[in-house]
Amino acid sequence: MELQKALGLIAEVPDFPEPGVLFRDLTPLFADPAGFAAVVGALAETVGPEVDLIAGVEARGFLLAAAVGYARGIGVVLVRKPGKLPRVAGRVDYQLEYGTASVELPAGIVSPGQRVVVMDDVLATGGTAAAACKLLRDGGAVVEGVSVVMELTALGGRAVLEGNGVHALQAC
Ligand code: PRP
Ligand code: HPA
């Protein structure tokens, strides 16, 4: 399937998770084999030849990272929400509009100097991706870039991630 048609499978859901927010729902895209293949193929092209590991951000980033990692023959490391990992290498706390969130990296997976691409479905404020990049760098990785399906430009994530080489298949 052509990439633009595949991206057209992403649904726009008004007022989720709260009034006034237009939520981009990728579940119809994930459920469509040809659409998913097109998006995974395009994301795989954003990953350079020298990359050692793909970091998938919980939860939807896991699907994308796993598929791209499989397609490219590259391993995957999980960037998880707190309390899920039995052995933790590090944790980064970051600000949300209201409150804080955290991401954790599993122990013993990332070796110093390994080149990693961070993968997720949506780049919004950039807080999650920036925290994932810091977590990986704290763990000794070299972050080669951040690849997402969709960038919500009005929320300014690209500026937050300045210098991190953001690739988005679609900006809106
Ligand atoms: C979404 C999305 C990104 C993040 C983007 O995850 O999948 O990880 O938010 O937002 P940001 O750029 O403002 O940080 P969500 O928090 O909904 O978690 P989930 O995938 O576990 O549902
Ligand atoms: N969709 C998915 N994840 C998100 C969104 C969205 O619209 N906004 C912030 N994170």
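Scan Val117, Val103, Val13 and give me the residue that is open to solvent by 40 Å² or more (accessible area, probe 1.4 Å) and part of a strand (DSSP E or B). Give the derivation first.
Numbers: Val117 fails: open to solvent by 40 Å² or more (accessible area, probe 1.4 Å); Val103 fails: open to solvent by 40 Å² or more (accessible area, probe 1.4 Å).
From the options Val117, Val103, Val13, the qualifying one is Val13.
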Practice task
State all residues of the range 23-51 that are away from ligand 2 (no atom under 16 Å from the Cβ), touching a residue at least 40 places away in the same chain (Cβ under 8 Å) and surrounded by 17 or more Cβ atoms within 10 Å (Cβ to Cβ); if no residue qualifies, say none.
Solution key: Ala42, Thr46, Val47, Val51
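For the range 52-64, give me each residue that is under 19 Å from Ser102 (Cβ atoms) and either β-branched (Val, Ile, Thr) or buried (at least 16 other Cβ atoms within 10 Å of the Cβ) (or both). Walk me through it before giving the result.
Of the residues in the range 52-64, the ones under 19 Å from Ser102 (Cβ atoms) are 55-62.
Correct list: Ala55, Gly56, Val57, Glu58, Arg60, Gly61, Phe62.
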Practice task
Confirm whether Arg87 is touching a Gly at 6+ places or on another chain (Cβ under 8 Å), without any contact (Cβ under 8 Å) to a residue 40 or more places away in the chain, closer than 19 Å to Thr46 by Cα and basic (Lys, Arg).
Solution key: no
Exercise for the section: Restricting attention to the range 74-99, report how many residues are of a type outside the set (D, E, K, R), open to solvent by 50 Å² or more (accessible area, probe 1.4 Å), more than 18 Å from the chain's Cα centre (by Cα) and at pLDDT below 95. Expected result: 1
Exercise for the section: Return only the number of the condition from (1) under 21 Å from Pro33 (Cβ atoms); (2) within 16 Å of the chain's Cα centre (by Cα); (3) surrounded by 14 or more Cβ atoms within 10 Å (Cβ to Cβ) that Ala71 does not satisfy. Expected result: (2)
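Here is a check on your reading of the model: is Arg137 in a helix (DSSP H, G or I), in contact (Cβ under 8 Å) with a residue 12 or more places away in the chain and either closer than 25 Å to Pro49 by Cβ or within 14 Å of ligand 1 (Cβ to nearest atom) (or both)? Don't jump to the end; show me each part of the working.
Working: in a helix (DSSP H, G or I): yes; in contact (Cβ under 8 Å) with a residue 12 or more places away in the chain: no; either closer than 25 Å to Pro49 by Cβ or within 14 Å of ligand 1 (Cβ to nearest atom) (or both): yes.
Here the answer is no, as Arg137 does not meet what is asked.
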Handout entry: Filter result (touching a residue at least 40 places away in the same chain (Cβ under 8 Å) and assigned to a loop (DSSP other than H, G, I, E, B)) within the range 146-163
Key = Leu152
Handout entry: Near pairs, Cβ below 6 angstrom, 6+ apart or cross-chain, from the range 108-129 (within 16 Å of ligand 2 (Cβ to nearest atom) and among the acidic types (Asp, Glu)) to any residue that is in a strand (DSSP E or B) and open to solvent by less than 40 Å² (accessible area, probe 1.4 Å)
Key = Asp120/Val57; Asp120/Val148; Asp121/Val149
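Going through the range 1-31 one residue at a time, which ones are of a type in the set (Asp, Glu) and under 20 Å from the mean Cα position of the chain (by Cα)? Talk me through it step by step, then tell me what you get.
Taking the range 1-31 first, the residues of a type in the set (Asp, Glu) are 2, 12, 15, 18, 25.
Scanning the range 1-31 gives Glu12, Asp25.
The values are calculated or read from the model by the stated rules, or taken from the named source; none is laboratory data. Predicted model only: the values in this text are computed from it and were never measured. We place every Cβ from the backbone using ideal geometry, glycine too, and count neighbours over all the protein chains shown. Each accessible area value is taken on the protein alone, full model and side chains, heavy atoms only, with ligands, DNA and RNA left out. Shrake-Rupley method; radii C 1.70, N 1.55, O 1.52, S 1.80 Å.
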